[in-house]
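Student: Starting off with a structure, shown below.
The values are calculated or read from the model by the stated rules, or taken from the named source; none is laboratory data. Because the structure is predicted, anything quoted here is derived from the model rather than measured. With ideal geometry, Cβ positions are generated from the backbone for all residues, glycine too; neighbour counts draw on all protein chains shown.
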Amino acid sequence: MADLPTPRPGDHDVLTIACREFVELVTEHLEGTLPDAVEQAIAEHLELCEPCVVYLEQVRSTARALRTLPEPTLPPAARERLLDVFTALHGREGSAG
């Protein structure tokens, strides 16, 4: 998790977000895991900062595009080889030892 912003001196505990802080917090913002005060500061920042609005939409578009990709698959021969190596290193599941 990125460092959360703190109120700036003289702001009477008003939380503000700089562009750099927004970029660091964008993933947590999209996941909805930030405290309410930080979300409010982000909303206020986005009202005034078109470049950050554009950046946010780019991140959203990228996430949407990535969700359309098929899940990667492992060829059966590669899977068997990995299982052989794992078994050689760790033994069979359930074996004593």
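Student: Quick one: which residue in Leu83, Leu30, Leu56 is modelled with pLDDT under 95 and outside any loop (DSSP other than H, G, I, E, B)?
Tutor: Every option except Leu83 fails the conditions.
Student: Could you look through region 55-73, keep only residues that are exposed (fewer than 10 other Cβ atoms within 10 Å of the Cβ) and of a type in the set (A, V, I, L, M, F, W, C), and pick out the one that is nearest to the chain's Cα centre (by Cα)?
Tutor: Among those residues, the one meeting the criterion is Leu66.
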